[in-house]
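What follows is a short report on a single structure.
The values are calculated or read from the model by the stated rules, or taken from the named source; none is laboratory data. Small disclaimer: the values here were computed from a predicted structure and weren't measured. Cβ: placed from backbone, ideal geometry, glycine included. Neighbour counts: every protein chain shown. Each accessible area value is taken on the protein alone, full model and side chains, heavy atoms only, with ligands, DNA and RNA left out. Shrake-Rupley method; radii C 1.70, N 1.55, O 1.52, S 1.80 Å.
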Amino acid sequence: MTGGQAVDGPLDPAMISRQMAAEGVQRIDVVTDEPEKYPRETPWAAGTQVHHRDDLDQLQRTLRETEGVSVLIYDQTCAAEKRRRRKRGTYPDPAKRVFINELVCEGCGDCSAKSNCVSVIPVETELGTKRAIDQSSCNKDFSCVGGFCPSFVTIEGGELRQGRDARATPSDGATDGWTALPEPDVPPVADRPYGILVTGVGGTGVVTIGQLLGMAGHIEGKGASVLDMTGLAQKGGAVMSHVRIGESPAAIQSTKLSAGGADLVLGCDLVVAAGKEALGKIEAGRTRAILNTHETITGDFTRNPDYSFPGRRLQQRVSEAAGEEATEMLEATRIATALMGDSIATNLFMLGYAWQRGTVPLAKTSILQAVVLNGVAVESNVRAFEWGRRAAHDLRAVEALIEPADDRATKGWHKLSDSLEEAVDRRVAFLTDYQDAAYAERYRRLVEQARAAERKVDPDSDAFAWAVARSAFKLMAIKDEYEVARLYTDGQFDAQLKRQFAKAPKVKVHLAPPILAKTDPATGEPKKTQFGPWVFPLFRALKRFKRVRGTAFDPFAYLAERKHERRLRDDYEALVGELCRELTAERLTAAVELAALPQQIRGFGHVKARNAEAAKAREAELLEAFRTPTQPTRQAAE
């Protein structure tokens, strides 16, 4: 049961198997994420076999061909319920987390395809869109590790680093360097009930916000109603809470907000707040909208690695409905996570922000008393509420706390280049470390060639040069064995770990080394193996041999994958040369698309080969169009 409901009466998989057998089922199989929990003496029905969850797909294919009725029993605790129980201390919480080395990551999306998990999130960097694990929402399912990529590691024994809140807690008084917070004017409810629509994602505490507001209204002796619209989503789906606060219970005639009936839309999730249902509750001139602009990943991203979140369009929908002056936006998830160390604090942070803005018709003492009565993470929730108030009063001061000026200069590859010259210089430095200065200059010359050709046909354009700068770098910085070893031991990975974990954890890397990797008989793909900390000294030794890369002394150079990668690089250089020679103003758009195609060749092994095949097919189509001059019309010729 996805909501964690208790099951009445005795019931377990073994009993189900015996019941099915009693009804005449000949084949019964059990799939579980913990096969080891069943001892040999488990009273299964005769012939029942227990399999690991990893064998599910192949088992289903087998059962598809099985004559007659067969039964597959899937035994696993709901992932969302695991998180709930772990917070309560009633379910084992493995001291293990998944982490991604961003520089090794190619952003191919195979990890999302394998896990179908929205806790694998995109991270925009100078070198493209990478992947990261949202540690606050991760269910510790570990299926994403199966993505065919050497960037995945598992962290054992590491504790997540606390947020900035551990060092500076705001308060009403002028303490710890903070100025005193003024009390806002609370909206009146004497004339009519006040409507609040809380929108968000299931599993993040949206329903809790509604319940806190309802309890606070009850504490004050006011009328309060709460209607939660959760649909089928317990985690990851759209959730809305309709809250009405009136002078007395008799003043509230309906629990659901009518069209245009929201005085406040507290948009804890942008996608839900910009949906038709929520927009219908907004009335210009009446509704105030406070939106969290954080781009929470939807299921589309797990299926499409190039999915672009329509953040600006969604923000515009809400601001157009409520009016720009009545709409406030802030990246609440980023701020709350940086302060509290957990994104679950976002909704209480948003509530504190809204209250300080004078959009909640309840006293602060009542809301905080409701938090205490709720009895869950009281201290943390109170702090999150106070931080929201502080952000509403002085957002710049809060931003400065979570991102001091000295931090902005050390963002590394998360800081995007401001110009083409800066982007090229950064990549030249990277390629120098990758191989040597001569190799890096080879890259610079190619970009300069593209820029010079583009200026001849359109002095105001640099799209072609940008495409070549990004694509050539991607093809030249081949993530072979030497490079993966370097990216794990050059200090950047260690710095990435230290930013997220408070103490030195035990790190294990998941790899599928060429030649050594076994093949999965069901999929035909190489299987990854876990390597302990001993692999890092090996990495440090291996990276020193980068000088032999591609030479007769390179044992990896003879692998078909490495030959293919070098051929892609060399073919691209030849292609850019042709595009530069034949470039005209009319052909510029096609040239830009051709030059950008290699950015789609992402991943490792069979994943990269598949993407390269698709890119080459598209390249052939574009090249044919580029090489075929446009025939002038008769009128133009005359």
* Taking interchain pairs and intrachain pairs at least six residues apart, which have beta carbon atoms under 6 angstrom, with the first residue in region 58-84 and under 21 Å from ASN116 (Cα atoms) and the second surrounded by 12 or more Cβ atoms within 10 Å (Cβ to Cβ) and aromatic (Phe, Trp, Tyr)? -> LYS82/TYR91
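Residue-wise test of (1) in a helix (DSSP H, G or I); (2) within 23 Å of GLY237 (Cβ to Cβ); (3) in contact (Cβ under 8 Å) with a residue 12 or more places away in the chain.
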| site | (1), (2), (3) |
| --- | --- |
| GLU295 | no, yes, yes |
| LEU314 | yes, yes, yes |
| SER319 | yes, no, yes |
| ALA345 | yes, yes, yes |
| TRP355 | yes, no, yes |
| THR359 | no, no, yes |
| GLU379 | yes, no, no |
| TRP387 | yes, no, yes |
* To do: Collect the residues in region 452-484 that are open to solvent by 60 Å² or more (accessible area, probe 1.4 Å) and assigned to a helix (DSSP H, G or I), keeping them in residue-number order.
  => ARG455, LYS456, ARG470
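For region 271-320, enumerate the residues that are over 14 Å from the mean Cα position of the chain (by Cα), open to solvent by less than 10 Å² (accessible area, probe 1.4 Å) and either modelled with pLDDT under 90 or of a type in the set (Phe, Trp, Tyr) (or both). Give the steps one after another, and end with the answer.
Restricting attention to region 271-320, the residues satisfying the condition of being over 14 Å from the mean Cα position of the chain (by Cα) are 271-293, 310-320.
This time we only want the ones that are open to solvent by less than 10 Å² (accessible area, probe 1.4 Å), so: 273-274, 278, 287, 289-292, 311, 318.
Scanning region 271-320 gives a single hit, GLY311.
Of all residues in region 322-367, count the ones that are among the hydroxyl-bearing types (Ser, Thr, Tyr), under 16 Å from GLY163 (Cα atoms) and open to solvent by less than 10 Å² (accessible area, probe 1.4 Å). Working first, answer last.
Of all residues in region 322-367, those among the hydroxyl-bearing types (Ser, Thr, Tyr) come to 327, 333, 337, 343, 346, 353, 359, 365-366.
Those still in the list that are under 16 Å from GLY163 (Cα atoms) too: 333, 337, 343, 346.
Next cut, open to solvent by less than 10 Å² (accessible area, probe 1.4 Å) only: 346.
Qualifying residue count for the region: 1.
Residue-by-condition table, conditions (1) charged (D, E, K, R); (2) assigned to a helix (DSSP H, G or I):
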{"position": "ALA557", "(1), (2)": "no, yes"}
{"position": "ARG562", "(1), (2)": "yes, yes"}
{"position": "GLU565", "(1), (2)": "yes, yes"}
{"position": "GLU573", "(1), (2)": "yes, yes"}
{"position": "GLY577", "(1), (2)": "no, yes"}
{"position": "ARG581", "(1), (2)": "yes, yes"}
{"position": "GLU586", "(1), (2)": "yes, no"}
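Would you kindly identify the strands (runs of 3 or more DSSP E) lying entirely within region 56-138 that contain at least 1 residues that are among the hydroxyl-bearing types (Ser, Thr, Tyr)? Please lay out each step first, then the result.
Numbers: elements: 70-75, 96-100, 120-125, 128-133.
Qualifying strands (runs of 3 or more DSSP E): 70-75, 120-125, 128-133.
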* Given (1) open to solvent by 40 Å² or more (accessible area, probe 1.4 Å); (2) in contact with a strand residue (DSSP E or B) (Cβ under 6 Å, 6 or more places away or on another chain); (3) at pLDDT below 85, where does PRO514 come up short, assuming only one miss? -> (2)
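Before we move on, is LEU351 on the phi < 0 side of the Ramachandran plot, of a type in the set (A, V, I, L, M, F, W, C) and outside any helix (DSSP H, G or I)?
It is false that LEU351 is on the phi < 0 side of the Ramachandran plot, of a type in the set (A, V, I, L, M, F, W, C) and outside any helix (DSSP H, G or I).
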* Asked: Residues of region 35-53 being touching a helix residue (DSSP H, G or I) at 6+ places or on another chain (Cβ under 9 Å) and either surrounded by 14 or more Cβ atoms within 10 Å (Cβ to Cβ) or assigned to a loop (DSSP other than H, G, I, E, B) (or both), which ones?
  -> PRO35, TYR38, THR42, PRO43, TRP44, ALA45, ALA46, GLY47, THR48, VAL50, HIS51, ARG53
* To do: May I ask you to list pairs of residues, at least six apart or on different chains, whose Cβ atoms are under 9 Å apart, with the first in region 413-426 being farther than 17 Å from THR129 by Cα and the second being modelled with pLDDT of 95 or more and open to solvent by less than 40 Å² (accessible area, probe 1.4 Å)?
  => LEU420/VAL447; LEU420/ALA465; LEU420/ALA469; VAL424/TYR443; VAL424/VAL447; VAL424/ALA465; VAL424/ALA469; VAL424/PHE473
* Asked: GLY24 fails exactly one of the following numbered conditions: (1) more than 25 Å from ASP141 (Cα to Cα); (2) assigned to a helix (DSSP H, G or I). What is the number of that condition?
  -> (2)
* To do: Considering (1) surrounded by 16 or more Cβ atoms within 10 Å (Cβ to Cβ); (2) without any contact (Cβ under 8 Å) to a residue 40 or more places away in the chain; (3) within 29 Å of PHE99 (Cβ to Cβ), say which one ASP554 fails and leave the rest.
  => (3)
